[in-house]
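For reference, the structure is listed below as structure tokens.
The values are calculated or read from the model by the stated rules, or taken from the named source; none is laboratory data. The structure presented is a predicted model; accordingly, all values stated were derived computationally and were not measured. Using ideal geometry, Cβ is built from the backbone for each residue, glycine included, and neighbour counts are taken over all protein chains shown.
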Ligand SMILES: Nc1ncnc2c1ncn2[C@@H]1O[C@H](COP(=O)(O)OP(=O)(O)OP(=O)(O)O)[C@@H](O)[C@H]1O
């Protein structure tokens, strides 16, 4: 019932149009009663009674009714298709809007293939229900009722005899409906899993090849493929079990009609014309009985699919805007962590982290892998909420800002770069749609990307991403950096952004960034000390704790962890920097 209430929410905007079309279905059903009755009249009055003068008008009426019925059917079928497509657009949009509001946690749990299946396959089953199943149910019911009424007017005795079969049909229809529902749920789940395997293999295709795991993946696919087949076979088994019974009962009507009708004609309680009309109307009982099974199938399929869609639409993001969320003109960029702790289920990712970054400062974050560096910046973007403690921006709790304003004020360039299947120019312009080509080139130059982009045959118009040309890891990182810089954010986060670059390029970028970072608070996560050495504050993370913090000189003076890393990792860094500066000066 919930499902039907939910779909009504979409249908009600079209209620008059949809209602009118349903009336047209009734009209078409009514019209289709005319010709069988006319057939009976021809037998009784023209062939038996010799009233040849009415033959031509009757034939004309036959042709006209067939024509009108087809025009009416065409009109409502087209309208149902149009309405269903309009509804489908809205459902897909609602699903897509919902997907974009859901938080990082949701995407961690869901499989892309499953989500894709919901947006494509499941929505199409909804369309089929609205465009085809509903009117077919009404058509079959109305044809059945009108057929029975016509028969009743012709001969009630024979009609009652035909009705004997109906309770059996109702019984088997209900049984089939009960058994087939769960099989459809199973089939939809299997379809989602199959989709996920295919999607993962397409996305992770290089890993599969690199590890020579083709056979393993094929086996995994075959398992899901077989599971999907089995789930479909379960459905078919139920269908094949009941549909022949329903078909048999439907054909049993012919036997009843010939047997009882024949007796009534012999006893003169019925004319041959009446029996002919009955014969002509038999489809009105037969067809709905035969279709009942298929319509139940489609209805259950619709219920299974809409359940999956409703589940997704009902999912709520854990990170929400507060009711009185603020949208200041510009966030200044003062960021303070006060005793912030955060854990992922059973992993403590951050423990009592405290630090303060003033607007315009550069904060370097270093630490071993898994130390909590990315988690820290994810909290600044409010991708997660702290378990305890507080993140303050410009002195106010991060939750008091609207998510839109907060994230608009932050730009991030990450180690794993995602580029859209579009031109390089469009990728850089992503955060600032109105940016001019000049600005794009200027920021690309700042990210040391301009020269390699220009050297490509199509320059800034080169299409990258899934179907575009391949770029090296460092090139992708530089495009991502330009995309972040052009946003002119209050807070710039560079999460291992330069890890794939050589030292020299990294230093050039550093120099250019140093010229501009005064306007914004910059967080630099890096494994190389050279990337954070000039920062105003360096946080050294270890197992979720800030074990040391201060400037490079302060940390060196401490002779603690930072000092050791510096000694082992970049003992000769100063010399390198001096060489580089000398080279630039020349
Ligand atoms: N989505 C997640 N679910 C569960 N645990 C997670 C998740 N993301 C990170 N962790 C765990 O939280 C801890 C901190 O991870 P985080 O990604 O912040 O480390 P990191 O310092 O950025 O590491 P790296 O330098 O390798 O990127 C790690 O122990 C990690 O295993």
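Of note:
- Pairs are defined by a Cβ separation below 9 Å, a sequence spacing of at least 6 or placement on different chains, a first member in the stretch 244-259 that is in contact (Cβ under 8 Å) with a residue 12 or more places away in the chain, and a second member that is outside any helix (DSSP H, G or I) and loosely packed, with under 13 Cβ neighbours inside 10 Å; the pairs so defined are 256/164.
- Within the stretch 409-429, the set of residues being assigned to a helix (DSSP H, G or I) and in contact (Cβ under 8 Å) with a residue 24 or more places away in the chain comprises 424, 425, 427, 428, 429.
- Residue 197 being within 23 Å of the chain's Cα centre (by Cα) and more than 30 Å from residue 171 (Cα to Cα): yes
- Residue 367 within 16 Å of the ligand (Cβ to nearest atom) and more than 36 Å from the chain's Cα centre (by Cα): yes
Quick grid of which residues meet (1) surrounded by 20 or more Cβ atoms within 10 Å (Cβ to Cβ); (2) at pLDDT below 85; (3) touching a helix residue (DSSP H, G or I) at 6+ places or on another chain (Cβ under 8 Å); (4) more than 19 Å from residue 26 (Cα to Cα):
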| site | (1), (2), (3), (4) |
| --- | --- |
| 108 | no, yes, no, yes |
| 112 | no, yes, yes, yes |
| 117 | yes, yes, yes, yes |
| 122 | yes, no, yes, yes |
| 128 | no, no, yes, yes |
| 137 | no, no, yes, no |
| 141 | no, no, yes, no |
| 145 | no, no, no, no |
| 151 | yes, no, yes, no |
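- The stretch 318-337, subset within 16 Å of the ligand (Cβ to nearest atom) and touching a residue at least 60 places away in the same chain (Cβ under 8 Å), residue surrounded by the most Cβ atoms within 10 Å (Cβ to Cβ): 319
- Qualifying residue in the stretch 479-500 (condition: over 36 Å from the mean Cα position of the chain (by Cα) and outside any helix (DSSP H, G or I)): no
- Any chance residue 208 is surrounded by 14 or more Cβ atoms within 10 Å (Cβ to Cβ), farther than 30 Å from residue 29 by Cα and without any contact (Cβ under 8 Å) to a residue 24 or more places away in the chain: yes
- Search result, residues across the stretch 23-33 that are surrounded by fewer than 18 Cβ atoms within 10 Å (Cβ to Cβ) and either closer than 17 Å to residue 62 by Cα or under 31 Å from the mean Cα position of the chain (by Cα) (or both): 27, 30
- Among residues of the stretch 169-182, those that are over 20 Å from residue 303 (Cβ atoms) and surrounded by 15 or more Cβ atoms within 10 Å (Cβ to Cβ), counted: 1
- Of all residues in the stretch 355-364, at least one satisfies being away from the ligand (no atom under 16 Å from the Cβ), surrounded by fewer than 16 Cβ atoms within 10 Å (Cβ to Cβ) and not assigned by TED's automatic domain parsing to the domain that holds residue 173.
- The helices (runs of 4 or more DSSP H) found wholly in the stretch 35-145 include none carrying at least 1 residues that are in the same structural domain as residue 8 (by TED's automatic domain parsing), in contact with a strand residue (DSSP E or B) (Cβ under 6 Å, 6 or more places away or on another chain) and at positive phi.
Per-residue answers, yes or no, for (1) in contact (Cβ under 8 Å) with a residue 40 or more places away in the chain; (2) more than 16 Å from the ligand (Cβ to nearest atom); (3) not assigned by TED's automatic domain parsing to the domain that holds residue 110:
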position	(1), (2), (3)
310	yes, yes, no
339	yes, yes, yes
342	yes, no, yes
348	yes, no, yes
352	yes, no, yes
384	yes, no, yes
391	yes, no, yes
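- Residue selected from the stretch 111-131 under the condition over 9 Å from the mean Cα position of the chain (by Cα) and under 14 Å from residue 313 (Cα atoms), by the criterion farthest from the ligand (Cβ to nearest atom): 123
- Residue 406 falls short on exactly one of the conditions (1) under 26 Å from the mean Cα position of the chain (by Cα); (2) more than 18 Å from residue 480 (Cα to Cα); (3) within 16 Å of the ligand (Cβ to nearest atom), and that condition is (3).
- Flag if residue 416 is over 16 Å from residue 491 (Cβ atoms), loosely packed, with under 15 Cβ neighbours inside 10 Å and within 16 Å of the ligand (Cβ to nearest atom): yes
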